1. In debye, nearest 20: dipole of the chain around its Cα centre with unit charges on the Cβ of K, R (+) and D, E (-)?
2. Kindly provide the Kirkwood hydrodynamic radius of region 108-291 in Å, to one decimal, from all pairs of distinct alpha carbon atoms.
3. Can you give the % of DSSP beta bridges in region 108-291 that are antiparallel, to the nearest 5?
4. Could you size up the charge dipole of region 108-291 around its Cα centre, putting +1 on the beta carbon of Lys and Arg and -1 on that of Asp and Glu, and report it in debye to the nearest 20?
5. Between rounded, prolate and oblate, where does region 298-419 land on the alpha carbon gyration tensor, with a ≥ b ≥ c its root eigenvalues, rounded for a/c under 1.5, else prolate if a/b exceeds b/c?
6. Let a ≥ b ≥ c be the square roots of the eigenvalues of the Cα gyration tensor of region 56-187; is it rounded (a/c under 1.5), or, if not, prolate (a/b larger than b/c) or oblate?
7. Roughly how tilted is helix 185-195, in degrees to the nearest 10 and between 0 and 90, from the longest Cα axis of the chain?
8. Using Cβ contacts closer than 10 Å as the measure, can you line up 371, 359 from fewest to most?
Amino acid sequence: MMELGTQRIADNGHLTIGGCDTVDLAARFGTPLYVLDEAHLRSNCRAYRVALAAGAPRSQPMYAGKALLTTAVARIVVSEGFGVDVASGGELVTALRAGVAPEQLLLHGNYKSREEMRLALECGIGRVVVDSLPELPEWQAVAEEMGARVPVLLRVNPNVKPKTHTKIQVGQIDSKFGLSIQSGDALRAARDALALDRLDLLGIHNHIGSQVLGWQAFGEAARQLADFLAAVRDDTGAVLDQVNLGGGLGIRYLPDHEPPSIEEFVTNVVGALRERLAALRLPEPLVLMEPGRSIVGDAGTTLYRVGVVKEIPGVRTYVSVDGGLYDNPRPALYGAEYNVFVANRAAAPADTVVTVAGKHCETDTLFSDVKLASPRAGDLLAVQSTGAYNYAMASNYNRLPRPAMVLANGGRAEVIVRRETYDDLLRCDLLPLRLSGG
Ligand code: LLP
C-alpha cells in the first residue's frame, strides 16, 4: 500500500481512509464504492494555492472539473480558494448548481455548441477559452444576439510534446487543440479578438498534456507563452494581463512513480514564465493554473468485492470483482496501471500473482499480473489513486448502475454521489406507442 493522504492500516489489518474502516464502508454503502479522502483533497488544493501565492504576485488556481466534478467536490475546491474550469454545458451547470460564482468559472472546448456559449454568457462566466480562429466570430455573434460581452483567453499551442501516453499529449502542433504559435494562427487570433467589439481579450492559455511526471516541458511551454505575449505587444500594442498555464502534473499510481511535488512543479513552471517575461520587459501577469488529476487523483480509492477466484493451473489465476470498465475505463483505454491490495488484510504479504478482471461480457482486465495477499471470494480490494477520470469517465455499459461515492473525513463518511438504481438506468427509455402493446 502507498501511504497517500490519510490512508492507514488499522490494528485489525483493515485499510482506513479519513479515519473510516473501509470494511465498514463497504458493508454500509455497498461495492464498488469510490471513497474520497477530504483532508487529502483539501491539502492538495492548499499546496497549489500556497505555491502559486509564493511564486507570483497575482495568481488564481482553477480546478479542472473534468477530472471529477460533483456538487460536493465543487464546493470543497471553491472553499479552498479555487475557481472551476468546465469543459461542457453539463460541467457548467454542475458548478452553478453547487453555488460556484460565475466569475470564478472558465469554459473550455475545441467545439462549444451555441447552446453552451449562450449558457456561459447568460450566467456571466468569468472567462472563456477560445480554441480556434472560427470560434472568435461565433462568440461575437452570440454576444451581439444577447447584448453581452465575452471575456476571452486564447488557447495557444506552443508545439511542446510532454512525455506521457500519446492519447493525452495535446501540446504538439498536430493537435485538435489550440491556436498554433508556429503557424501564425495564434497572432492572427489576437488581432481578430482585439478587433471584435464584443470581445475583451484578457490573456492566453495553454495545456500540453496530462499525467506528466516532470516539469521541464511545462517550463518550455511557459517560456513560449512569454515570447508570444511579447509578439502580441510588438504587433498590436496590447499588453495582455492573464496567463493560464493549464494542468497536467502527474500523480503516483504505482510505488515507483515519482512525480515532482506540487510545490516543485508550480515554483519551476511559474518561475520559468516570470523569468522570461522580465527579460522581455513585460509586466507581471495574473497567473492561473488549472490542475485536475493532481488535486483529486490520489485522494480517491475504489473498493471492490471479490466474487470469483478462478485458477487455471500453470496458466493464470483470475480474480473477478464487481467493478470493471464501467467504473474505471482507464486500464482499457490507456493501459493505465494501479496499486491494488486486499483492504481487509492490508498488512498481509502480497504473495500471489493474479489478474483482476471486471464483470463485463468481454475480457475487461483491470489489473494484469499483480501480487495480492492470497485473495478469496468475499475479500475487499482497494485500488489507490482513482479520484481522477474514473467516476468522471464511468459508463453504464452492460446496464450496470454506476457506483456511489462517499466523502471520508475525521471518522465520518457521507454519500456525495448516490449509487444508481435500475430505475435510473431506465429513466431515459421511451416506448413508441406502436411498441407499447397498448
Ligand atoms: N486544462 C485543460 C484544458 C485540459 O484539457 C485538462 C485535461 C486539464 C486542464 C487538467 O489536466 P490534469 O491536471 O488533470 O492532467 N482522460 C484522461 C485525461 C484527459 C485529460 C484531459 N484534459 C485520463 O484518464 O488520463
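1. Details: 44 positive and 50 negative charges, 75 e Å.
It works out to roughly 360 debye.
2. Working: mean 1/r = 0.0594 Å⁻¹.
That comes to 16.8 Å for region 108-291.
3. Numbers: 1 of 19 bridges.
Looking only at bridges with both residues in region 108-291, the antiparallel portion is about 5 percent.
4. Working: 19 positive and 25 negative charges, 49 e Å.
About 240 debye.
5. On the way: a/c = 1.81, a/b = 1.27, b/c = 1.43.
Note, shape of region 298-419 comes out oblate.
6. oblate
7. That helix lies at roughly 60 degrees to the long axis.
8. Numbers: 371 12, 359 18.
Fewest-to-most Cβ neighbours within 10 Å comes out as 371, 359.
Any read-out appearing in this document is the output of simple, stated calculations on the displayed coordinates, not a laboratory observation. Treat the numbers as computed from the prediction; the structure is a model and nothing was measured. Using ideal geometry, Cβ is built from the backbone for each residue, glycine included, and neighbour counts are taken over all protein chains shown.
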